[in-house]
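Pasting a structure below so you can have a look.
The values are calculated or read from the model by the stated rules, or taken from the named source; none is laboratory data. Because the structure is a prediction, the values reported are computed rather than measured. Heads up, the Cβs are rebuilt from the backbone with ideal geometry, glycines too, and the neighbour counts pull from every protein chain shown.
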Amino acid sequence: MSQIDILNVGYRSTNYWVISARGGARSPRILVDLGWPGEMGQLRARLKQVGAPLEEIRYGLATHYHIDHAGLAQELKLAGVPLLVIDLQQSAIPLMKRWIKPQDRYVEITLHDNVVITCAESRALLARLGIAGEILHTPGHSDDSVSLLLDTGAAFTGDLTAPAFVSVEDPAVVAASWQLLRERGATTVYPGHGPVRPTP
Ligand SMILES: [Zn+2]
């Protein structure tokens with residue numbers, strides 16, 4: 001199985017993950033979760049700090065369309081990073097701005113110029129970056145939540161609620177998402193917030 005590099009470029013208590021096949025310099029990379037709005041400078045600085053400059057990011061993927069996960073999506077697009085959207089996420093994109101205040105400096109995400117694929121198409125797209133894995137629909141925290149699962153067992157789950165912390169979520173939906181992840185081989189969770197942990 002190919003070796004994978006995983007870097008955390010998060011800030012303000014949110015994790016943003018850069019994933020690439022380990023192939024030396026200039027490996028194509030994917031960024032999972034896309035920064036707080038108005039903080040492009042911060043994200044750029046973090047990417048540079050870990051040796052993964054913006055120019056090497058081939059796609060940005062938001063696990064779901066909440067501002068701490070997708071806030072910089074449009075600014076990343078304007079800087080040359082295509083936005084990878086799973087078809088089932090499209091309707092959630094325009095809804096995100098309901099929660100945004102003018103002082104957030106959010107740049108609204110346009111819908112006509114994204115790379116839209118289905119979960120079933122994700123393995124082939126990732127393979128073109130040298131990354132063995134797939135994107136799965138893992139609702140629970142929100143209906144538009146997806147996870148990136150690598151064949152190594154690493155699962156980038158965004159805000160998928162841990163079963164022990166379910167409150168307003170539907171526990172059956174949350175449980176089904178975790179079951180899907182386990183069935184497909186997830187062993188280690190790289191969450192949107194907090195430390196890397198074993199899959200519950
Ligand atoms: Zn969220």
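Can you tell me which residues in region 129-145 are small (Gly, Ala, Ser), within 12 Å of the ligand (Cβ to nearest atom) and out of contact with any His (no Cβ under 8 Å at 6 or more places or on another chain)?
Answer for region 129-145, where residues must be small (Gly, Ala, Ser), within 12 Å of the ligand (Cβ to nearest atom) and out of contact with any His (no Cβ under 8 Å at 6 or more places or on another chain): just 140.
Still on this model: Identify the residue in region 73-105 that is modelled with pLDDT under 95 and assigned to a loop (DSSP other than H, G, I, E, B) and, among all such residues, is nearest to residue 40 (Cα to Cα).
Among residues in region 73-105 that are modelled with pLDDT under 95 and assigned to a loop (DSSP other than H, G, I, E, B), the one nearest to residue 40 (Cα to Cα) is 105.
Let me confirm something: among 107, 85, which residue is under 15 Å from the mean Cα position of the chain (by Cα) and either away from the ligand (no atom under 16 Å from the Cβ) or aliphatic (A, V, I, L, M) (or both)?
Working: 107 fails: under 15 Å from the mean Cα position of the chain (by Cα).
One residue alone meets the criteria, 85.
Right, here's the next one. When residues of region 31-57 are filtered for being crowded, with 19+ Cβ neighbours inside 10 Å, more than 16 Å from the ligand (Cβ to nearest atom) and β-branched (Val, Ile, Thr), how many remain?
The total comes to 1.
Condition check: loosely packed, with under 15 Cβ neighbours inside 10 Å, outside any loop (DSSP other than H, G, I, E, B) and within 18 Å of the chain's Cα centre (by Cα). Does residue 121 satisfy that?
Here the answer is yes, as residue 121 does meet what is asked.
Could you check how many residues of region 34-51 are within 18 Å of residue 194 (Cβ to Cβ) and touching a Gly at 6+ places or on another chain (Cβ under 6 Å)?
2
Conditions (1) surrounded by fewer than 22 Cβ atoms within 10 Å (Cβ to Cβ); (2) in contact with a Gly (Cβ under 9 Å, 6 or more places away or on another chain); (3) in contact (Cβ under 8 Å) with a residue 40 or more places away in the chain, marked per residue:
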{"site": "131", "(1), (2), (3)": "no, no, yes"}
{"site": "136", "(1), (2), (3)": "yes, no, yes"}
{"site": "147", "(1), (2), (3)": "no, yes, yes"}
{"site": "159", "(1), (2), (3)": "yes, yes, yes"}
{"site": "163", "(1), (2), (3)": "yes, no, no"}
{"site": "168", "(1), (2), (3)": "yes, no, no"}
{"site": "182", "(1), (2), (3)": "yes, no, no"}
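Take residue 151 and tell me if it is more than 16 Å from the ligand (Cβ to nearest atom), modelled with pLDDT of 95 or more and over 19 Å from residue 189 (Cβ atoms).
In short, no.
I would also like to ask the following. Would you check which residues across region 58-74 are buried (at least 23 other Cβ atoms within 10 Å of the Cβ) and either more than 14 Å from residue 16 (Cβ to Cβ) or not small (Gly, Ala, Ser) (or both) and list them?
The answer is 61, 63, 64, 65, 69, 72.
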